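What follows draws every value from the coordinates through simple rules; no lab data is involved. Source: prediction; values computed, not measured. Here the Cβ is made from the backbone with ideal geometry for all residues, glycine too, and neighbour counts use every protein chain on show.
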Amino acid sequence: MTSPVLERVRRQVTRRSAPSGPIPRWPLEAPRGSAAVLERLQAAWADVGVESVRCPTEAEAFREIVARLRERKVRHVLMDARTDRAYPGLRESLEDAGLTVMGGGLPREEGPRYLGLGRWATAEAGITEVVAAFADTGTLWVAGGAGGMRCASLLPPLHIVLVQRAQVYPCLAAWLAEARASGALVEWVEESSALIAITGPSRTSDIEKTLTLGVHGPREVIALLIEGAA
Amino acid sequence: MSVPSPAFCARIRQGLSDAVLQEALQRATRSFRISQEKAFADLPDAEVVRDRARAICAHTIAHLDRYLEQFAREVERRGGKVFWAATAREACDYIVGLARARGISLVAKSKSMVSEEIGLNAVMEAAGIRVVETDLGEFIIQLAGERPSHIITPAIHKRREDVSQLFQKHLGTPPTDEIPALTAAARQALRQVFLDARMGISGVNFGIAETGTLVLVTNEGNGRMVTTLPPIHVALMGIERVVPTWEDAEILLRVLARSATGQALTAYTSFLTGPRRPKEPDGPEELYVVLVDNGRSRWLGTPLEEALYCIRCGACLNACPVYQAIGGHAYGSVYPGPIGSIVTPMLGDGAGAELAYASSLCGACQDVCPVRIAIPDLLIRWRQMEAGRLLPAWERAALWVYAQIARHPAAWTQLGRWAMALLRRLGRGGWLPRGPGLLRAWTAVRDLPVPQRPAFREWWASRGGGAP
């Protein structure tokens with residue numbers, strides 16, 4: 001590969017080697033899924049404005065979701081195929097509650113794509129699973145890839161997210177270390193055009209530095225932490 | 001030409017006399033400093049992280065060709081297209097060409113300092129393409145027909161009343177001074193733009209070379225919208241924004257938001273690799289990455305290359321007493337504040353070297369810089385480089401004479417004695433209210449204390465000390 005820009009860069013660089021110094025500690029060091037990370041995660045969620053609910057089982061989480069959606073009079077839900085696969089029974093619970101579940105994929109041709117987006121934009125809530133959650137910052141790590149929808153965590157004013165205890169890492173650095181070692185990082189990059197770290201609801205302080213939620217993305221993020229058999 | 005130029009002085013006076021701006025700056029920079037300090041206090045090994053972040057930048061810039069080439073190759077391997085733009089003009093023409101070829105008339109844009117640098121919006125508008133800024137602050141600035149006054153909070157100088165009037169005029173919003181209502185009005189107006197736009201333009205915070213991944217941080221989610229909803233995503237990236245690995249990006253992310261907004265992480269950090277994949281339900285169908293040089297490469301291998309470590313967090317603006325006093329617009333450049341004064345003359349046609357004088361060299365900027373850029377040293381370097389060109393002849397001559405004297409201790413001591421004696425003669429009651437010659441400009445605004453006896457040298461000698 002070449003270009004005049006790259007050529008000039010090549011002529012000018014020093015190729016100086018410099019000591020990189022010690023590697024800093026991770027922002028949080030604790031075992032994945034441990035009581036310590038769960039506690040920190042919940043504290044971080046509270047700090048960034050994520051409402052969290054601890055559920056002993058998936059079934060309990062589904063009931064919680066339906067209750068929350070009913071409270072808010074939600075009728076249309078955006079949910080992707082990945083979440084559908086990860087949580088069998090969730091779609092039925094929603095449909096049994098009279099909710100319309102939108103999913104599938106956008107057509108690639110411009111006109112139909114536009115119409116599909118317009119339909120998705122009417123959803124009052126989006127439900128997704130996560131690749132991981134990071135306890136130090138209260139971050140939800142969501143992905144594209146096969147059936148992984150970017151819009152479900154972006155377009156609706158409410159984002160509901162399901163997190164399994166074993167998915168809770170102390171920090172992004174810890175997830176990276178594991179994903180690097182296992183080869184999962186490369187796989188994610190190959191099949192997914194987007195990995196998104198979501199840390200709280202959409203926010204702005206652009207007017208008089210006053211915090212306002214939901215400026216473009218969700219105003220409300222509710223995380224259901226499924227503890228499973230401990 | 002005098003330094004600073006009359007135009008620059010006029011902008012400074014305007015900033016200083018703008019009471020609204022002064023209040024907004026005070027309020028914003030103070031609250032910012034508090035949250036930033038707290039965010040770093042909560043980060044384990046914070047100083048080691050900053051050292052590491054600096055080392056990553058230094059290494060990348062020293063081997064920039066290697067990482068740029070790898071980055072471009074990986075972007076293309078995953079279905080993106082890379083365009084190398086040597087100049088601002090080339091970058092703008094390329095993007096206008098992309099839009100024209102598809103008959104695109106509406107573009108949604110998230111914040112990109114590079115786009116401001118290359119003047120993209122004006123070129124697009126001239127070509128009949130409507131570009132809508134979707135970051136709330138940038139949107140307000142665009143409606144007002146102004147330019148950002150801060151890297152992170154572009155509308156830092158606008159009050160809610162100003163925003164309300166702009167929205168009444170341009171969006172038909174009813175009058176309100178409720179900030180949530182103003183935000184909701186913007187959400188509604190911009191949501192339609194996101195859905196209708198057939199091209200989204202974003203900046204890039206970091207480009208990860210090993211996988212060709214673009215890292216974008218936003219709080220509002222507009223960055224996610226413009227990179228997800230329109231069928232075409234165009235990413236504008238300065239060539240210095242590349243980092244070798246994901247682990248390197250993670251280190252830089254530990255300091256970026258903490259320095260920029262005092263958050264541990266912004267609400268959204270997107271890692272985008274290539275366009276929509278076969279099994280993905282959404283995402284852009286096409287991805288173009290425009291790598292912008294615009295003068296950057298000429299500084300590689302020079303002492304000023306250190307300025308290319310900058311991760312555009314804006315912390316040095318908030319820390320700078322000069323910025324706090326005069327505001328971003330006074331600089332008259334796209335990149336304001338201490339780092340802006342260094343970077344501005346490095347880019348494009350090289351204008352703006354006089355900005356190096358808009359600093360007291362107090363060093364607060366270097367203290368807060370997450371990658372420890374020696375900002376005062378680089379400002380001094382610009383002053384040295386430009387001194388010959390910008391200073392009037394008499395001042396250069398005077399500095400030459402001063403340099404000669406300072407190099408000869410005997411002459412220095414003797415002349416010092418004469419000068420002190422002269423000042424003592426002119427003084428009244430220990431103060432000099434009106435100095436002679438050039439000193440008058442200084443005494444016009446303050447009195448000069450007259451040197452006391454014994455002078456330090458005399459006192460030192462009386463104690464039997466050697467040459468001080």
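What is the mean number of Cβ atoms from other protein chains located within 10 Å of the Cβ atom of each residue in peptide A:19-31, rounded to a whole number?
Taking all residues of A:19-31 together, the mean is 5.
Taking the number of other C-beta atoms within 10 Å as the exposure measure, put B:Lys38, A:Lys209 in order starting with the fewest. Before the final figure, lay out the partial values.
On the way: B:Lys38 12, A:Lys209 18.
Taking fewest neighbouring Cβ atoms as first place, the list is B:Lys38, A:Lys209.
Given the rule -39500 (n - 2.57) for each run of at least 4 DSSP H residues, summed and divided by the residues of the protein assembly as shown, what is its mean residue ellipticity at 222 nm, to the nearest 500 deg cm²/dmol?
Values: 29 runs with 316 residues, N = 698.
Value at 222 nm, helices only: -13500 deg cm²/dmol.
Determine which aspartates and glutamates satisfy two conditions relative to A:Lys73: a Cα distance under 17 Å, and not lying fewer than 8 residues away in the same chain.
Straight-line reach from A:Lys73, under 17 Å: A:Glu64, A:Glu95, A:Asp96, A:Glu124, A:Glu220.
Please compute the alpha carbon radius of gyration of chain B, then divide it by the globular-protein estimate 2.2 N^0.38 Å. Two decimals is fine.
1.14
Tabulate in residue order the Karplus-calculated ³J(HN,Hα) for segment B:166-171, using 6.51 cos²θ - 1.76 cosθ + 1.60 with θ = phi - 60°, rounded to whole Hz; enter x for Gly and Pro.
Using θ = phi - 60°, the values come out as 4, 5, 4, 6, 9, 10 Hz.
Treating only the Cβ atoms of Lys and Arg (+1) and Asp and Glu (-1) as charged, compute the dipole magnitude of segment B:394-462 about its Cα centre; round to the nearest 20 debye.
In total the dipole reaches around 140 debye.
Just to be sure I understand the curve: with the Debye formula and one point per C-alpha of segment B:292-448, what is log10 I(q)/I(0) at q = 0.19, 0.20, 0.21 Å⁻¹?
Values, matching the q order: -1.14, -1.19, -1.25.
Which three lengths, in whole Å and largest first, does segment A:118-220 cover when its Cα atoms are put on their principal axes?
Ordered largest first, segment A:118-220 gives principal extents of 44, 33, 23 Å.
For a bin width of 5 Å, list the pair-distance distribution of segment B:1-132 built from all Cα-Cα distances, rounded to whole %.
2, 7, 9, 9, 12, 13, 14, 17, 12, 5, 1
Averaged across B:215-222, how many Cβ atoms of other chains sit within 10 Å of each residue's Cβ atom?
Values: counts 2, 1, 1, 5, 12, 10, 14, 5.
Other-chain Cβ atoms within 10 Å of each residue's Cβ, averaged: 6.
Beyond 19 Å, what share of the Cα-Cα pairs of segment B:394-462 remains, rounded to the nearest whole percent?
Cα-Cα pairs of segment B:394-462 separated by over 19 Å account for 47 percent.
How large is log10 I(q)/I(0) at q = 0.16 Å⁻¹ when the Debye formula is applied to the Cα atoms of chain A, each weighted equally and without solvent?
Reported log10 I(q)/I(0), two decimals: -1.15.
Rounding to the nearest 20 debye, state how big the charge dipole of chain B is about its Cα centre with +1 on each Lys and Arg Cβ and -1 on each Asp and Glu Cβ.
1660 debye
Under a 10 Å cutoff between Cα atoms, tell me which one of A:Gly183, A:Gly145, A:Gly214 has the largest fluctuation in the Gaussian network model of chain A.
Among A:Gly183, A:Gly145, A:Gly214, the largest GNM mean-square fluctuation belongs to A:Gly183.
Which value does Rg/Rh take for the protein assembly as shown over its C-alpha atoms, Rh per Kirkwood? Kindly include the intermediate steps, with their values, before the conclusion.
Details: Rg = 28.2 Å, Rh = 27.3 Å.
My calculation puts Rg/Rh at 1.03.
Which FRET efficiency value, to the nearest 0.05, do you get for A:Ala97 and A:Ala36 by plugging their Cβ-Cβ distance into 1/(1 + (r/R0)^6) with R0 = 41 Å?
With a Förster radius of 41 Å, E is 0.70.
With a cap of 13 neighbouring Cβ atoms within 10 Å, and only residues DSSP puts in a loop, list the trypsin sites (Lys or Arg not before Pro) found in segment B:371-410. Don't jump to the answer; show the numbers that get you there.
Working: sites: B:Arg372, B:Arg381, B:Arg383, B:Arg389, B:Arg396, B:Arg407; in loops: B:Arg372, B:Arg407.
For trypsin sites (Lys or Arg not before Pro) across segment B:371-410 that sit outside H, G, I, E and B with at most 13 neighbouring Cβ atoms in 10 Å, the list reads B:Arg407.
Do you know the relative contact order of segment B:394-462, to the nearest whole percent, from alpha carbon pairs under 8 angstrom that are 6+ apart?
21 percent
Per the Kirkwood definition applied to all pairs of different Cα atoms, how many angstroms is the hydrodynamic radius of segment B:45-204?
Hydrodynamic radius (Kirkwood, Cα only) of segment B:45-204 equals 18.2 Å.
Please order B:Arg147, B:Arg241 by the number of other Cβ within 10 Å, starting at the fewest.
In order of increasing Cβ crowding within 10 Å: B:Arg147, B:Arg241.
Please list, or write none, the lysines whose alpha carbon is within less than 27 Å of the alpha carbon of B:Lys81, excluding same-chain residues fewer than 8 places away.
Candidates past the 8-residue exclusion: B:Lys109, B:Lys111, B:Lys279.
Looking at segment B:161-294, I'd like the Rg to Rh ratio, where Rg is from alpha-carbon atoms and Rh is Kirkwood's inverse mean 1/r.
Ratio of gyration radius to Kirkwood radius: 1.03.
Quick one: among A:Pro22, A:Pro218, A:Pro156, which has the greatest mean-square fluctuation in a GNM of chain A with alpha-carbon springs under 10 angstrom?
Among A:Pro22, A:Pro218, A:Pro156, the largest mean-square fluctuation in the Gaussian network model of chain A belongs to A:Pro22.
Under 4.7 Å Cβ to Cβ, no partner at all: give me those cysteines from the protein assembly as shown, in residue order.
Those would be A:Cys55, A:Cys151, A:Cys171, B:Cys9, B:Cys57, B:Cys92, B:Cys310, B:Cys313, B:Cys320, B:Cys362, B:Cys369, since no other cysteine Cβ in the protein assembly as shown comes under 4.7 Å of theirs.
Report, as an integer, the average count of C-beta atoms from other chains found within 10 Å of each Cβ along B:258-268.
Values: counts 0, 0, 0, 3, 0, 6, 11, 14, 5, 16, 11.
Neighbouring Cβ atoms belonging to other protein chains average 6 per residue here.
Which of B:Gly427, B:Gly416, B:Val401 sits farthest toward the positive end of the charge dipole of segment B:394-462, with +1 on the Cβ of Lys and Arg and -1 on the Cβ of Asp and Glu?
B:Gly427
Counting other C-beta atoms within 10 Å, which of B:Ser17, A:Ser192, B:Ser333 has the fewest, and how do the rest follow?
Least to most surrounded, the residues fall as B:Ser17, B:Ser333, A:Ser192.
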